[in-house]
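Please treat every number below as a calculation from the coordinates, not as lab data. Given the structure is predicted, the values throughout are model-derived calculations rather than measurements. Note that each Cβ is placed from the backbone with ideal geometry, even for glycine, and that neighbours are counted across all protein chains shown.
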Amino acid sequence: MTDDVALLLRRAGFGPTADELGAARRAGFTATLAALTAPAGPDIGATRAPLPRLGPDPYAGRPEPTPAQRVTADGLRRAQAVTLGRWWLDRMTVADHQAVEKLLFFWHGHWATSIVKVKSPQLMLAQHRTLRESHNFREMAHRMIVDPALVYWLDGHLNTREAPNENLAREFLELFTLGLGRYAEADVQQAGRALTGWRVDLGARRLAFDPRRHDGGVSTILGVTGRFTAESLVDVVLAQPACPRFVAARLWHRYGSDSQPIPERTREAMVAAFPEPLRMLRALLADEAFPATRSTMVKQPVEWLVGALRQLGLRPAALPAETLTGLLDGLGGLGQRPFAPPSVGGWPAGASWLTSAAARLKLSLAGKLASQLSPQRLTPEAVAHLLGVETWTDRTYEVLRAADNSRLMLTLGLVSPEYQVT
């Protein structure tokens, strides 16, 4: 079961340290899975990276700022956004409850919302807290349908009885809860009516409801007739059998295989655990189909970088400011900067991350990481142990042996196929 334990830690978290992998192998697969998906006590490591205090949004209370005020406010927002991104990268690295932290990153990609359009770091942090504090998918869906960042991202603040906008309703059904083919166009239109009347209150970091802008007429959604609100709409959607099946498939896509469809037996085991995400994840990782997915997934850039930071014993908050800026800019260049997914569909998967341009940039980033370490004598075997790689192919082994110094050897190990593919 040794190989299965290593696979478990790589998929459930961002990347195990050598000590974590050794302890997990001694504990065995079952005990390790239980500890990952039902961690005991508070996350001591994460207490080293408490939520940042951004202060108020500089645009709050200024509906008509002057040009000079705009320049100042935009500068403050940019600085706050940098603080936010640095904080989460640090939190992902130092957190002990790795499965919890990685699941949160999964939800960020699932309810994909970008600061590029939302602009307010305060609203993005408020959404992050909502995802972190939601105990199950049912609570999460109820809170996210009125999340100000998501509503603004999908133009829900423009949705009124006089000028309906269906963006939020459509994506809620298609991308967040049911999937294509599980609803009709009429359901989207009527769900859009249920979501009318909200506006964003920047100062309070919440939505404000204006009943005069809300369409409270009778409508039929997914076969249910009534006068719908955002809350009752979510209740109807979550009652659909397609909802837990869709969520299970999305989890499989990110944790099981992005190229192989979810086996029906695996899906049913996960559906039985709905709406508890960690229990669903445990069902996936415990299923007999999981070990067969080995070497089918490419690490996303954030997984790759955070795993490397953890395994090399580097903490983002302790790095020189210039180096940390370079790492975050590198994630942007790779196409996966936290808080900035490219679209409401979230980030791609699989071979999308293995372009020649990405390879060159990863090589540069890996070199930055290796340069932070004190000089030491390493062998290919030592590099494998440090990075949690089970074995090198003959080709990679020869490349590592030919490296003329340990930092170069480590750099090459970080961009090797064995490290990037799990």
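A few comments on the model shown:
- Residue among Asp404, Asp210, Asp57 with the largest mean-square fluctuation in a Gaussian network model of the chain, springs linking Cα atoms under 10 Å: Asp404
- The range 1-69: C-alpha gyration tensor shape, a/c 1.5 cut-off, then a/b vs b/c: prolate
- Residue-by-residue Karplus 3J(HN,Hα) for the range 99-109, coefficients 6.51, -1.76, 1.60, Hz, glycine and proline x: 5, 5, 5, 5, 5, 5, 5, 4, 5, 4, x
- Helix axis angle, 18-27 relative to the chain longest principal axis, alpha carbon, degrees: 80 degrees
- Among 368-379, 197-208, the order from most to least packed when residues are scored by Cβ within 10 Å on average: 197-208, 368-379
- The amide H of Arg206, built 1.01 Å from its N in the peptide plane, has Asp201 as neighbours under 5 Å, considering only residues 5 or more places off or on other chains.
- Classification of the chain by its C-alpha gyration tensor yields an oblate form. The axis ratio a/c (a ≥ b ≥ c) is 1.5 or more, and b/c is at least a/b.
- Candidates Thr32, Thr296, Thr393, ranked by Gaussian network fluctuation over the chain, Cα under 10 Å, top entry: Thr393
- Axis of helix 356-371 versus longest Cα principal axis of the chain: the two differ by about 60°, to the nearest ten degrees.
- Couplings for the range 382-389, taken from phi via the Karplus curve 6.51 cos²θ - 1.76 cosθ + 1.60 with θ = phi - 60°, read 5, 5, 4, 4, 5, 8, x, 8 Hz in order; Gly and Pro are left as x.
- For the range 199-214, the Karplus equation 6.51 cos²θ - 1.76 cosθ + 1.60, evaluated at θ = phi - 60°, returns couplings of 9, 8, 9, 4, x, 8, 6, 8, 8, 10, 9, 10, x, 5, 9, 8 Hz by residue, with Gly and Pro reported as x.
- Net charge of Cβ neighbours under 14 Å - reference Gly223; Lys, Arg +1; Asp, Glu -1: -1
- Inter-part distance where the range 229-246 and the range 25-87 are each reduced to a Cα centre, Å: 29 Å
- Listed peptides 298-311, 228-241 by packing density, highest first (mean Cβ within 10 Å): 298-311, 228-241
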